[in-house]
Amino acid sequence: MGKRVNATGIAVLVFFLLLGVLISIRLTGLDSRFPNPIGGALQRALSPVEKTLLSLGSAIKNNTRALWSFHAVEQENQALREKVEQLTGDNLKLKQEVLAGLRFQALDEGVFRSPDLDKFNKVGATIINRSPTSWYQTLTVNRGSTDGVKINDPVVANLGLVGKVVSVTPTTADVLLILDGEGQVSAMVRGSAGEATFGIVQGTYKRGSRLSSDGNLQMMLRRDDNVNVGDLVLSSGLGGVYPKNIPVGKIKEIQLDPTGLLKTAFIEPLVNFDSLEEVYLVTGGK
Amino acid sequence: MRYLLIAFLFLLSLILPGTVFYFWDWSGIKPDLMMLLVIYLALHHRLLTGVIWGLGAGLVQDLYLGRYIGMYTLTLAVVALFSSWLSQRWYRDNFPLMTLLVFLASALGQLLIGFLSLAAGLAWSGQDIIRLVLGIGIYNAVLVPLTYPWIHRSFMYGWLRYRPKYEQ
């Protein structure tokens with residue numbers, strides 16, 4: 001006689017197993033501070049190898065880029081030549097405008113070396129790993145709690161905001177990029193006259209794809225808000241995580257909501273997340 | 001030796017997707033090497049042993065990622081169960097068939113991660129989930145002709161050879 005299968009027992013077991021996993025997933029989500037000594041030890045042990053492999057891969061990719069994408073490099077070269085000519089002209093124009101003391105011009109120049117970035121206590125860090133799965137936009141850096149890094153510390157690059165720390169080991173830290181759908185930033189748009197419009201910038205999955213960094217930030221605004229293409233988006237400092245006035249991006253496109261009540265601004269990040277190699281972790285003075 | 005080698009393969013599966021495969025991704029899609037390794041382990045072990053490997057590998061990956069503990073544990077156990085169940089019906093030495101098996105098992109695993117992510121409150125669009133499920137499934141399947149012949153040979157005759165207790 002064959003073994004009798006207790007279907008009810010199996011169903012109850014599967015139910016409680018699923019329930020347990022879902023509760024565990026909920027309790028250990030992003031920003032949770034549950035102790036994870038095994039994960040920390042793994043990260044510590046593997047980080048030197050990861051760093052070597054990542055820099056090796058980066059060097060190979062950079063040195064062979066012209067071979068793999070010859071046409072693209074040629075086009076880029078052409079575009080850069082045109083850009084240099086245009087920028088030379090713009091530069092002359094800008095000098096004249098700066099002399100004229102236009103406020104917007106000063107702001108626009110500030111994008112490329114925001115003075116606000118200089119006033120924070122920062123720890124320089126090298127990226128040693130990108131997200132091992134395709135499901136998150138995260139990266140791992142070679143600084144951890146021994147360097148004073150804590151969860152929720154903002155992460156910036158030379159041009160602007162990168163993200164925030166979501167988990168820390170003594171020697172490494174995981175950074176959630178602002179491109180990720182979970183990485184919202186309390187922000188403000190600075191118009192050409194310097195007036196601020198407040199809102200939330202978040203990684204988008206409605207336009208294009210979350211998998212690519214192109215056009216990956218969006219901000220919901222009221223229909224009457226006075227914002228324009230080209231306006232600068234800065235952190236507002238209201239969320240409690242990011243300090244004020246860190247550049248996030250520039251508005252690339254504005255679309256009216258089908259209801260006519262809202263509009264969505266699509267933002268081009270100032271930081272090139274694909275080629276990012278070093279970042280600063282803001283550890284104090286926020 | 002066998003367990004040391006498997007532990008080494010686990011570590012490689014954790015490290016490579018974020019480093020080497022970061023430069024070889026297809027529009028943001030990287031292979032899920034841990035899932036691929038669990039499928040290979042399940043194909044060369046009995047059902048229960050395969051599922052235990054899946055649970056262990058999933059837990060290690062969850063702890064390494066440091067968030068949503070249980071997501072990969074459950075997923076890789078289910079993937080191991082599915083792969084083991086299919087391998088009892090499909091011929092293991094038929095490489096094209098194994099490529100299809102890896103695609104199906106990887107797609108199932110990624111679909112499960114997608115559902116668990118939604119249950120965890122992550123905002124993913126259906127279109128992106130489908131892209132990831134198919135993309136990672138295909139990427140893992142593409143790696144089969146490059147990796148399976150070596151792994152299979154090692155499991156059958158080499159260092160990874162599995163001997164059930166009654167054979168020892």
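The values are calculated or read from the model by the stated rules, or taken from the named source; none is laboratory data. If you're wondering where the values come from, they're calculated on a predicted model, not measured in any experiment. All Cβ positions, even for glycine, are placed from backbone atoms using ideal geometry, and neighbour counts span all protein chains on display.
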Legend entry - Within segment A:154-204, strands (runs of 3 or more DSSP E) holding 2 or more residues that are over 18 Å from A:Phe266 (Cβ atoms), touching a residue at least 60 places away in the same chain (Cβ under 8 Å) and of a type outside the set (Ser, Thr, Tyr): A:154-156, A:161-168, A:173-177
Inset, instruction - Give the residue that is nearest to A:Asn245 (Cα to Cα), with candidates limited to residues of segment A:129-157 that are of a type in the set (Ser, Thr, Tyr) and crowded, with 24+ Cβ neighbours inside 10 Å. - result: A:Thr138
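Based on this model, can you work out whether A:Thr169 counts as outside the structural domain of A:Ile251 (by TED's automatic domain parsing), crowded, with 24+ Cβ neighbours inside 10 Å and of a type outside the set (A, V, I, L, M)?
So A:Thr169 fails the test.
For segment B:1-22, how many residues are free of Cβ contacts under 8 Å to residues at least 24 places away in the same chain and either out of contact with any Phe, Trp or Tyr (no Cβ under 9 Å at 6 or more places or on another chain) or not in a loop (DSSP other than H, G, I, E, B) (or both)?
Final tally of qualifying residues: 13.
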Inset, instruction - Answer yes or no as to whether B:Leu118 is surrounded by fewer than 18 Cβ atoms within 10 Å (Cβ to Cβ) and assigned to a helix (DSSP H, G or I). - result: yes
Inset, instruction - Look at segment A:3-43 and say how many of its residues are part of a helix (DSSP H, G or I) and away from every other protein chain (no Cβ under 11 Å). - result: 9
Inset, instruction - Please specify each residue of segment A:20-52 satisfying the condition of being more than 22 Å from B:Leu74 (Cβ to Cβ) and surrounded by 20 or more Cβ atoms within 10 Å (Cβ to Cβ). - result: A:Gly40, A:Gln43, A:Leu46, A:Ser47, A:Glu50
Inset, instruction - State whether the residues of segment B:103-112 include one that is of a type in the set (A, V, I, L, M), touching a Ser or Thr at 6+ places or on another chain (Cβ under 8 Å), away from every other protein chain (no Cβ under 12 Å) and in contact (Cβ under 8 Å) with a residue 40 or more places away in the chain. - result: yes
Inset, instruction - Determine if segment B:82-89 includes at least one residue that is at pLDDT 90 or above and surrounded by 24 or more Cβ atoms within 10 Å (Cβ to Cβ). - result: yes
Inset, instruction - Output the residue which, of all residues in segment A:126-148 that are assigned to a loop (DSSP other than H, G, I, E, B) and at pLDDT below 85, is farthest from B:Gln61 (Cα to Cα). - result: A:Gln137
Legend entry - Only listed residue being assigned to a helix (DSSP H, G or I) and away from chain A (no Cβ under 14 Å), chosen from B:Leu74, B:Leu86: B:Leu86
Inset, instruction - Determine whether segment B:126-141 contains at least one residue that is among the charged types (D, E, K, R) and assigned to a helix (DSSP H, G or I). - result: yes
Inset, instruction - Assess whether B:Leu11 counts as being among the hydrophobic types (A, V, I, L, M, F, W, C), farther than 22 Å from B:Arg92 by Cα and out of contact with any helix residue (DSSP H, G or I) (no Cβ under 7 Å at 6 or more places or on another chain). - result: no
Inset, instruction - Could you tell me whether any residue of segment A:267-278 is part of a strand (DSSP E or B), touching a Lys or Arg at 6+ places or on another chain (Cβ under 9 Å) and surrounded by fewer than 21 Cβ atoms within 10 Å (Cβ to Cβ)? - result: yes
Legend entry - Test: B:Leu81 is without any contact (Cβ under 8 Å) to a residue 60 or more places away in the chain and in contact with a Ser or Thr (Cβ under 8 Å, 6 or more places away or on another chain): no
Inset, instruction - Check whether at least one residue in segment B:23-35 is among the acidic types (Asp, Glu), within 14 Å of chain A (Cβ to nearest Cβ) and part of a helix (DSSP H, G or I), and report yes or no. - result: no
